[in-house]
Amino acid sequence: MAHRLPEGQDVRNRYWSSVASDYRSHWSTTHADGKLYARIEAAMLSEFIGASEGRRVLDLCCGTGRNSVAIAMSGASVVGIDGAEGMVEQARNVARERDLENVEFLVGDSRQLPFANDEFDAVVGTRFMYMMDQEEKRRIIQEAARVVRPGGAVVLHFNGFLFGLRHEFGNLVRGRMCRMRDRYLWPGTVGRMFQGLRVERVVGVKLPNLAILERAIGSKTALQVNRLARVPFIRFLCQYILVVARKGGTPLPGIAPITSEERMDCDSVSS
Ligand SMILES: C[S@@+](CC[C@H](N)C(=O)[O-])C[C@H]1O[C@@H](n2cnc3c(N)ncnc32)[C@H](O)[C@@H]1O
């Protein structure tokens, strides 16, 4: 699958529609570390939003419904929205194959959501912020903040900047500058980006090469070791970072309490 993404929303939608079936099968054929990442991320999203029956959750840029379906399995009712018809079609197939009636998928733009204010208990979104410029990021976060109810969480996924520096090093050497500022989450930018929300947690999803460790020490211990991904400094060793922000009010019940490490995380990166 190509990593260099076309600019412009229409072109983007066509691109993602054209790779939709590959994208769906990628998650079953990907290497062990990728599968482990997907499993950990889905569990973290559910933990941070307190996914359970009676909750209404929006999954932004849901793609083929990877996380929408995982969250719907907890009993929450989920709406996934994506700009690419092909992706939405695949997502609907996945839900049908699993007989899930508490998840629906819509074609739509995450920068301009077709929902009323305060309509969802939580909003999540993974693996798309890297393709958005600063203005698009601002609009998406503003829309997420509008449709989530007071006390509800917005959980968004970013690429970590250390991973970015390593990943883009080759390009820099060859003089091919990419939009470093847009593609990665830089320390000190989180508070500004999440205006109107209170940033509560900034955590890494999975430590590098955790699957190798999992083979050596077993799944349960590997997942315990992976708690280190939530600790300051260590989190930025991770390729993927989750930012958890809340809209005013008291957190909805059933949400995992913030640990002291996670709280320190927020203080050190919000500005
Ligand atoms: C890499 S996929 C991620 C899919 C899914 N969130 C996941 O983690 O597997 C990025 C998705 O973002 C969608 N997308 C990009 N811009 C969008 C926009 N403005 N509104 C809605 N969807 C958008 C694309 O169509 C594509 O399905």
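Each Lys and Arg contributes +1 and each Asp and Glu -1, all at the Cβ; summed about the Cα centre of the chain, the dipole is approximately 760 debye.
Sorting Trp16, Trp27 from the fewest to the most surrounding beta carbons within 10 angstrom yields Trp27, Trp16. Calculate for the chain the 222 nm mean residue ellipticity that helices alone would give, adding -39,500 (n - 2.57) per DSSP H run of length 4 or more and normalising by residue count, nearest 500 deg cm²/dmol. Here the helix-only value at 222 nm equals -12500 deg cm²/dmol. Taking other Cβ atoms within 10 Å as a rough exposure proxy, Val225, Val123 sort from fewest to most as Val225, Val123. Amide H contacts of Leu185: Asn159, Gly160, Phe161, each under 5 Å away and 5 or more positions distant or on a separate chain (H built 1.01 Å from N in the peptide plane; Pro and chain starts excluded). Sorted into 10 angstrom bins from 0, the C-alpha pair distances of the chain split as 7, 30, 39, 22, 3, 0 percent. Lys35: which aspartates and glutamates have alpha carbons under 18 Å from its alpha carbon, excluding same-chain residues fewer than 8 sequence positions away? Leaving aside aspartates and glutamates fewer than 8 places away in the same chain, those within reach of Lys35 are Asp22, Glu214. Toward the positive end of the charge dipole of segment 67-151, about the Cα centre and with charges on Cβ (Lys, Arg +1; Asp, Glu -1), which of Ser77, Phe105, Asn117 goes farthest? In segment 67-151, that residue is Asn117. Between Ile49, Leu172, Asn67, the Cα set farthest toward the positive side of the dipole of the chain (charges on each charged residue's Cβ, about the Cα centre) is that of Leu172. Can you flag which of Lys137/Lys247; Lys220/Lys247; Lys137/Lys220 are past 26 Å Cα-Cα? The pairs that break the limit, which is 26 Å between Cα atoms, are Lys220/Lys247; Lys137/Lys220.
DSSP assigns beta bridges within the chain; of those with both partners inside it, close to 40 percent run antiparallel. Restricting the calculation to alpha carbons of segment 120-268 gives Rg and Dmax of 16.3, 51 angstrom.
Please give the contour-minus-distance gain from Leu165 to Met73: 0.36 nm per residue of separation, less the Cα-Cα distance, rounded to one decimal in nm. My answer for the length gained is 29.5 nm.
What the phi angles of segment 155-170 give under the Karplus curve with 6.51, -1.76 and 1.60, with θ = phi - 60°, is a coupling list of 10, 10, 9, 9, 8, x, 6, 5, 4, x, 4, 5, 5, 8, 3, x Hz, glycine and proline written as x. Per-residue 3J(HN,Hα) values for segment 106-112, derived from phi via the Karplus relation 6.51 cos²θ - 1.76 cosθ + 1.60 with θ = phi - 60°, read 10, 8, x, 9, 5, 7, 8 Hz in sequence order (x marks Gly and Pro). The 3J(HN,Hα) values that the Karplus relation (6.51, -1.76, 1.60; θ = phi - 60°) gives for segment 192-205 are, in residue order, 5, 5, 9, 4, x, 10, 9, 6, 9, 9, 9, 9, x, 8 Hz. Gly and Pro appear as x.
Every number in this text was worked out from the coordinates using simple rules, so none of it is lab data. Remember, it's a predicted structure, so these values are computed and weren't measured experimentally. Positions of Cβ are generated from backbone atoms using ideal geometry, with glycine treated the same way; all protein chains shown enter the neighbour counts.
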